[in-house]
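See structure below.
The values are calculated or read from the model by the stated rules, or taken from the named source; none is laboratory data. Here the structure is a predicted model, which is why all the values come from computation and not from measurement. Cβ placement follows ideal geometry from the backbone for every residue including glycine, while neighbour counts extend to all protein chains displayed. Quick note on the areas: whole protein, heavy atoms, side chains included, nothing else; ligands and nucleic acids left out. Shrake-Rupley method; radii C 1.70, N 1.55, O 1.52, S 1.80 Å.
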Amino acid sequence: FIFVQIFYYLYIMSLHKFKYNLPRKIFLIIRLAIIPIMIIVTIIIKDLTIFLASIYFVNLFLNFIESCMSFKFNKLLPFGLLLFIFCDIFVGINNIADFIEISTNSFIYKIIVSDLDFMWLFYHPSQVLLSISGLFQTND
């Protein structure tokens with residue numbers, strides 16, 4: 001999944017038509033700064049899964065922000081990435097019980113035991129939007 005986000009990043013960078021390259025540099029610095037921070041957090045927590053999930057989610061979130069900046073060139077990509085963020089939030093909610101105790105009275109518990117699978121509710125539309133987003137790309 002991390003590699004997919006890298007490819008989305010490369011695709012988004014090909015869309016950007018910034019007058020100055022400052023936004024590109026800022027986002028690249030943020031991406032590179034996240035890695036050592038997450039390594040330190042991983043050493044403290046001692047959980048590689050959290051490290052990988054954090055790297056993935058930060059890249060997904062930054063891809064969403066950058067795709068919004070290139071909305072003029074691809075209008076479907078930001079919506080697909082936003083739905084993907086919601087999907088992944090619900091994946092995290094469904095797996096959070098592995099890391100912390102969840103009270104049966106909490107909102108998170110109600111989501112976990114709900115008959116509606118929120119992950120799939122957001123996943124399918126996100127994949128459709130992401131897969132067709134290239135068809136509606138403009139080069140203005």
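Numbers below:
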quantity: On Cα atoms only, tilt of 118-132 relative to the major axis of the chain in degrees; calculated: 20 degrees
quantity: 1.4 Å probe accessible area per residue over the chain, in Å²; calculated: 64 Å²
quantity: Of all accessible heavy-atom area on region 36-140, the percent that carbon and sulfur account for (1.4 Å); calculated: 71 percent
quantity: Heavy atoms of Val4 accessible to a 1.4 Å probe, total area in Å² rounded to 10; calculated: 70 Å²
quantity: Net length gained if the chain between Ile96 and Val4 were fully extended (0.36 nm per residue, minus Cα distance); calculated: 30.8 nm
quantity: Rounded to 10°, Cα long-axis angle of helix 22-45 versus longest principal axis of the chain; calculated: 20 degrees
quantity: Label point distance in nm, Ser14-Phe61, each placed 7 Å from Cα along Cα→Cβ; calculated: 2.8 nm
quantity: Nearest-ten-degree value, helix 48-69 long axis tilted from longest Cα axis of the chain; calculated: 40 degrees
quantity: In Å², nearest 10: area of Asp98 left accessible to a 1.4 Å probe; calculated: 120 Å²
quantity: Shape of region 21-96, Cα gyration tensor, a/c cut at 1.5; calculated: oblate
quantity: Inter-part distance where region 52-73 and region 80-135 are each reduced to a Cα centre, Å; calculated: 17 Å
quantity: Simple Cβ-charge dipole of the chain, Lys/Arg +1 and Asp/Glu -1, about Cα centre, in debye nearest 20; calculated: 740 debye
quantity: Candidates per trypsin sites (Lys or Arg not before Pro) in region 62-140, loop by DSSP, up to 16 other Cβ within 10 Å; calculated: Lys72, Lys75
quantity: Most mobile of Leu77, Leu60, Leu52 in a GNM of the chain (Cα contacts under 10 Å); calculated: Leu52
quantity: Accessible-area order (highest first, 1.4 angstrom probe) of the listed residues Ile12, Ile39; calculated: Ile39, Ile12
quantity: Of (i) 17.9, 60; (ii) 20.5, 69; (iii) 17.0, 52, the label for Rg and Dmax of the Cα atoms in Å derived from the coordinates; calculated: (iii)
quantity: Tally of Lys pairs whose C-alpha atoms are under 22 Å apart, taken over the chain, 8 or more apart or cross-chain; calculated: 6
